[in-house]
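A.B. asks: Take a look at this one; I'll ask things after.
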Amino acid sequence: MIKNYLGELRLVDRVSYIRELCLNQRVLHLGATDAPDTQESFATGRWLHSHLDRDASHLVGMDINTEMIQWLSTQGVKNIKYGNIENIEDYPKEEFDVVIAGEILEHLSNPGKALDSLSQIVQPFTKLVITVPNAYSLKGFCRALLKYELIHPDHTLHHSPYTLKALLARHQFHVQSQFSFVNGGTGAVANVANLLLRFNPQLAEGIGFICRLSDSESGQSAP
C-alpha cells in the first residue's frame, strides 16, 4: 500500500479552464456532442464545443453518437466526425496542440485501449486533457449516506487521483498538472458543499489531469 498526497489538486471552473488551455490552439475534442445532454446544453449555451469553436484556431470534434452528430449538423455544426476513441483508425490524420477527453474514460469497457490509441496519434508537444468523476466526491459520499447514488447509466468506473495517474502511466502518459472541479447545483445542500470544496478540492465531483507523452527512458514528459 502507498500513501498518495492529494494536496496538489486545485479547484477550477472546468469550462473556463479548458477554454483557456485551448485558446489559439489546434484542438481535437473527443466526445464532442456531449450526448445525451446535447440538445439541452446547446439550447442553454453550456455546450463546451461551441465555446471551443470560438477559442481554438482550429477545432475538430469526434464522437460515437451518430444521431447527435447529424442533429448538430442541422444546427450548422459541421466540424464533428464519427469516431470511436478506442479505434486508432477513426482519428483525424493531423496534428493537434491540445486533445480534450472530458468525461469519457468512465464510459469505456477498455480505457487502456483508448489511451494506447491516443499515445499513437498525439505529438510530444500535445497536451492531453482528461477529466473524470472523482471517486472521493464529497457529494457522492453524502448521497451514499442517504442510501442512493446519482450516476450516469453508462458509467463503468470511478477514478481517484492515484488510479487515474497510474492508468495514464501504463499507457505512456506523464501527468504535468492536476485540478478538480464541481458540477454546480443550486440547492442549499449543494451551496454548502461547494463552499466546503473551496478549501477541500480533493473532495470535488470531478478531477482532471493535463499530461503529455512520456519519454521512454525517463518516464517524464518529452521535451
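A.B. asks: Taking the criterion of being surrounded by fewer than 19 Cβ atoms within 10 Å (Cβ to Cβ), at negative phi and not in a loop (DSSP other than H, G, I, E, B), would at least one residue in region 27-37 satisfy it?
C.D. replies: Within region 27-37 (the criterion being surrounded by fewer than 19 Cβ atoms within 10 Å (Cβ to Cβ), at negative phi and not in a loop (DSSP other than H, G, I, E, B)), the answer is no, since none of the residues qualifies.
A.B. asks: Specify which of the listed residues (H29, H58) is closer than 15 Å to L128 by Cα and modelled with pLDDT of 95 or more.
C.D. replies: H29
A.B. asks: Against the definition (modelled with pLDDT of 95 or more, of a type outside the set (S, T, N, Q), touching a His at 6+ places or on another chain (Cβ under 7 Å) and assigned to a helix (DSSP H, G or I)), how does H49 come out, yes or no?
C.D. replies: Yes; evaluated as a whole, the condition is true for this residue.
A.B. asks: A follow-up question, please. Residue by residue through region 68-102, note down the ones that are assigned to a loop (DSSP other than H, G, I, E, B), polar (S, T, N, Q) and over 16 Å from the mean Cα position of the chain (by Cα).
C.D. replies: Result: Q75, N79, N87.
A.B. asks: OK, next. Just checking, how many residues over region 65-85 are in contact with a strand residue (DSSP E or B) (Cβ under 6 Å, 6 or more places away or on another chain) and among the small types (G, A, S)?
C.D. replies: Within region 65-85, residues that are in contact with a strand residue (DSSP E or B) (Cβ under 6 Å, 6 or more places away or on another chain) and among the small types (G, A, S) number 1.
A.B. asks: Which numbered condition in (1) surrounded by fewer than 17 Cβ atoms within 10 Å (Cβ to Cβ); (2) in contact with a helix residue (DSSP H, G or I) (Cβ under 7 Å, 6 or more places away or on another chain); (3) at pLDDT 95 or above; (4) not hydrophobic (A, V, I, L, M, F, W, C) is the only one that N24 fails?
C.D. replies: Condition (2) is where N24 drops out.
A.B. asks: Restricting attention to region 108-127, report how many residues are touching a residue at least 60 places away in the same chain (Cβ under 8 Å), closer than 19 Å to G208 by Cα and not aromatic (F, W, Y).
C.D. replies: 4
A.B. asks: Restricting the first residue to region 19-34 and requiring it to be farther than 19 Å from D63 by Cα, which pairs with a second residue that is hydroxyl-bearing (S, T, Y) and not in a strand (DSSP E or B) meet a Cβ separation below 7 Å and a spacing of at least six or different chains?
C.D. replies: So the pair list comes out as N24/S57; Q25/S57.
A.B. asks: Which of the residues belonging to region 128-182 are in contact (Cβ under 8 Å) with a residue 12 or more places away in the chain, surrounded by fewer than 17 Cβ atoms within 10 Å (Cβ to Cβ) and small (G, A, S)?
C.D. replies: Listed by number, the residues that qualify are A135, S160, A169, S177.
A.B. asks: Could I ask something else about it? All but one of (1) on the phi > 0 side of the Ramachandran plot; (2) surrounded by fewer than 12 Cβ atoms within 10 Å (Cβ to Cβ); (3) touching a residue at least 40 places away in the same chain (Cβ under 8 Å) hold for G7, so report the exception by its number.
C.D. replies: Among (1) on the phi > 0 side of the Ramachandran plot; (2) surrounded by fewer than 12 Cβ atoms within 10 Å (Cβ to Cβ); (3) touching a residue at least 40 places away in the same chain (Cβ under 8 Å), the lone unmet condition for G7 is (1).
A.B. asks: While we're on this one: For L150, only one of the following conditions fails: (1) out of contact with any helix residue (DSSP H, G or I) (no Cβ under 7 Å at 6 or more places or on another chain); (2) at pLDDT below 95; (3) of a type outside the set (G, A, S). What is its number?
C.D. replies: The failed condition is (1).
The values are calculated or read from the model by the stated rules, or taken from the named source; none is laboratory data. Quantities reported herein were computed from a predicted structural model and do not represent experimental measurements. No Cβ is skipped: glycine too gets one built from the backbone with ideal geometry, and neighbour counts run over all protein chains shown.
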